[in-house]
Amino acid sequence: MSYAIEIEGLRKVYSKRGRADVVAVEDLNLNVSRGQVFGFLGANGAGKTTTIKMACGLVSPASGRVRLNGFDVQRQRSQAMRQIGAVLEGTRNVYWRLTAWQNLVYFGRLKGTPHANSGTPNACCVSWICGIGATTWSIRFARNAAEGRHRLRPCGRSALN
């Protein structure tokens, strides 16, 4: 069976001079089927964010492999990155001087999303905006959004796949 996400023997160790090595992820194996929604739960320091960063190609693993729809993140980075969208913590996930809609078009172009060059995000983004009742909100500038709406913009960006 082919999985959307395949993680085999993933390991990440952080080293600092004069300090003991910290193993953030140890021998992680995970398969996620196509169409399945999942999340990581665990205590602080359990390796959740490190695992997501390795899956997104932001951090290199010490060993192991991550494949996204069959594309190896380390060896086929460009193709693998077109397969994933992720929302990491923090507020630097959008451009504050753009509206939500403009952010989706901009990041869609960066990812090579179909129809992004026409100024239209893909159907998934459109249905996401409509589904949360954000059609009016989507034309407001990010810097003017209420805190709850701030958190929605990166989620829309992650739906660009």
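Listed values, structure above:
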quantity: Matching residues in segment 21-42 - criterion: being closer than 14 Å to Leu68 by Cα and open to solvent by less than 90 Å² (accessible area, probe 1.4 Å); calculated: Leu30, Asn31, Val32, Ser33, Gly35
quantity: Helices (runs of 4 or more DSSP H) enclosed by segment 12-113 - at least 2 residues per element that are of a type in the set (S, T, N, Q) and at pLDDT below 80; calculated: 100-111
quantity: Unique match (being surrounded by 10 or more Cβ atoms within 10 Å (Cβ to Cβ) and more than 20 Å from Ile84 (Cα to Cα)) among Gly18, Gly45; calculated: Gly45
quantity: Extreme residue, farthest from Ala4 (Cα to Cα), among residues of segment 48-70 that are over 13 Å from the mean Cα position of the chain (by Cα) and open to solvent by 60 Å² or more (accessible area, probe 1.4 Å); calculated: Ala62
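The values are calculated or read from the model by the stated rules, or taken from the named source; none is laboratory data. Note that the coordinates shown come from a computational prediction; the quantities given were computed from them, not determined experimentally. Counting neighbours? That spans all protein chains shown, and the Cβs are built from the backbone with ideal geometry, glycine included. The area values use the complete protein model at the heavy-atom level, side chains included, leaving out ligands, DNA and RNA. Shrake-Rupley method; radii C 1.70, N 1.55, O 1.52, S 1.80 Å.
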